[in-house]
1. Considering Val189, Val202, Val168, which residue is surrounded by 14 or more Cβ atoms within 10 Å (Cβ to Cβ), more than 29 Å from Phe73 (Cβ to Cβ), among the aliphatic types (A, V, I, L, M) and at pLDDT 70 or above?
2. Among the candidates Arg107, Arg113, single out the residue that is open to solvent by 90 Å² or more (accessible area, probe 1.4 Å) and either closer than 16 Å to Leu176 by Cβ or in a helix (DSSP H, G or I) (or both).
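The values are calculated or read from the model by the stated rules, or taken from the named source; none is laboratory data. These numbers were taken from a predicted model, which means no experiment stands behind them. FYI the Cβ positions are ideal-geometry reconstructions off the backbone, even for glycines, and counts take in every protein chain you see. Please note that ligands, DNA and RNA were not included when accessible areas were found on the heavy atoms of the full protein model with its side chains. Shrake-Rupley method; radii C 1.70, N 1.55, O 1.52, S 1.80 Å.
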Amino acid sequence: MPEGTKFDIMKLLLRRELSARSLAGELSVTPTAVRQHLETLYALGLVTRRKVITRPSRPTFLYRLSPGGAATFPKRYDLLLSLFVDVLLERHGVEWVALLVQDAARRLAERVRPRFDDADVDRRWPLLLDWLEEELAWHADVRVDDGHHEIVIHQCPFREVSRVQPAVCGVFFRTLIQALYADVNVEHVGSVTGPACCHLRVARAEP
C-alpha cells in the first residue's frame, strides 16, 4: 500500500474521478507534485486515467482508482463473518458450525489443489504462503523448527470469531492444510498476542 501523499490521492480517487489540479487543491500541494505521484500510481496499475477536452488543444486527464488500487484497501470481511458465525452458533451450536467450517475449507482446497499438485516438497510451502497472500489477503510468516513448519497468520478473517470461539479458527486451518497436503498433521497452537492471529504447527505425518 502506497504511503503519504500517494495514499491520500488514492483515498480521494476511491470516492470519485478527479484531475491532477483538483487533487492538488484538495491536498494543498502543487499540481506538479500531484502529477508525479499520479504517474507512479499509474505505472503501478493502481489508478486509471481518461482524456477529456476542456478547452481547444488543452486536454485534461481525469484519474480514478483501478480495480487493483481499490483492492489494496482493507475491508472488514472479518467483522461481517463474525456476525454470521455468532448467529449460527446461537441457532445451531459449536459442533454444527465446526462441520460447516470444515466443509468450506474442503471446498476451498478443492478449488486451488491443481496449483499445488505438481509442486515438489520444497516448493509447496512458498506456494502456500503466496496463495494466502494473493487470494485471501492474509499475511503469513513461516519458519522451520525441528522438522515442523510454524505458520503465523496475520489479519485472518476469523480474527473476531477466534476471540470467543478459537476452535472455529483451528478447524478451518487444520482442514484446509490437510486437504491440500494429506501427509501432514496440523496442530492449532492457538491465538497469539500482538497483531498476529493464529499459530499453527505443521509436521509430516508418521508413516
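1. When all the criteria are applied, what remains is Val202.
2. Arg107
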